[in-house]
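Structure first, then comments.
The values are calculated or read from the model by the stated rules, or taken from the named source; none is laboratory data. Small disclaimer: the values here were computed from a predicted structure and weren't measured. Cβ sites come from the backbone with ideal geometry, for glycine too, and all protein chains shown count toward neighbours.
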Amino acid sequence: MERLVVLFSLFLLTTAKRQDLSGKMFTFPVESNTHHVVLNPEMNKIFFTVTVCLRVFSDISRFQSPFSLSLPSCDNAFSIFKENHVYILNILNEGQNFWGLKDEYNVWNSVCATWDASTGLAQVWVNGIPSSRKGIKAGGSLTGIPKIILGQEQDSYGGHFDAAQSFVGMLTDVHMWDSVLSPDQIAYYSHGGQFTPGNVINWNSLEFSTNGYVVVESKETSHEVGNM
C-alpha cells in the first residue's frame, strides 16, 4: 500500500521543466476537472496571426478540449474543441464550427488551426485536409501573457475546469507560431515531413508542468503509426 501511495503521488507532482519531447506524448487516462498540462511560453506580446498544430488520439465523442489559450481579459482567446467529428475554433470568445473534416477514433489525427486578425479568416486542417475558411473576430488581437493548458478548457484565466469538457486520450507534437503557416508547411507537419518548429510553443524544446494524473510516455505505446 505504501508503495502505491508513493507511485500515485508522483503523478500529482507539478514541476516546470524544459524537455525535448520528440517521440513522446502526454496521456490523459481519465476524465477529470483537475488533470492537465501547463505550457509556459512566457511571452508578453500582441498576436495578430496564429497557427496551432497538434496530434490527438482518442475514442471520446463528447465535447472535449485538447488546447486552451486564455488571456487576462479573455478565457477563450484561442481554443480548439472537438465534438464527434466537428471541430470548433473559439477566438476571443467567438466560436465557429468546422464541419466535414475526416478524422477517426483510436488513430492519430493531425489538427492545425490558423487565424489572421487582419481579415478574421480562420481555418482548420485535419490530416492535411483544409476546412472552409470562416471569419472570426476580424481586427482583433491576442494581447497579454497567455496561459496555455492542454487537456482542459479554461473558463477563467488559468483554471475553472469542467470534467465534461476534459480531454481523454493521447496528445503529442504541439507547436504554436505567431504567423499563419502556408498550406505546404501544414502538409509537411500533417504527413511527417520537415517543417519549421513553432516559435511560440516548440515540442522539441518544451517548457511545461504536469498537474494530476498525466503520464509522459513514448508514442510507440500507442501501437499506431499512420498519420504521424
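Can you say whether S58 is small (G, A, S), modelled with pLDDT of 95 or more, in contact with a Ser or Thr (Cβ under 6 Å, 6 or more places away or on another chain) and buried (at least 16 other Cβ atoms within 10 Å of the Cβ), as far as the supplied structure shows? I'd like the intermediate steps shown before the answer.
Details: small (G, A, S): yes; modelled with pLDDT of 95 or more: yes; in contact with a Ser or Thr (Cβ under 6 Å, 6 or more places away or on another chain): no; buried (at least 16 other Cβ atoms within 10 Å of the Cβ): yes.
No.
State which residue is surrounded by the most Cβ atoms within 10 Å (Cβ to Cβ) when the search covers only the stretch 116-135 and only residues that are more than 17 Å from K82 (Cβ to Cβ) and among the hydrophobic types (A, V, I, L, M, F, W, C).
A117
Looking at the stretch 97-181, what strands (runs of 3 or more DSSP E) fall wholly within it and have at least 3 residues that are within 17 Å of the chain's Cα centre (by Cα)?
Passing ranges, in order: 109-116, 121-126, 147-150, 169-177.
Being within 19 Å of D20 (Cα to Cα) and surrounded by 15 or more Cβ atoms within 10 Å (Cβ to Cβ) is the requirement here; does F161 meet it?
When the stated conditions are applied, F161 does not pass them.
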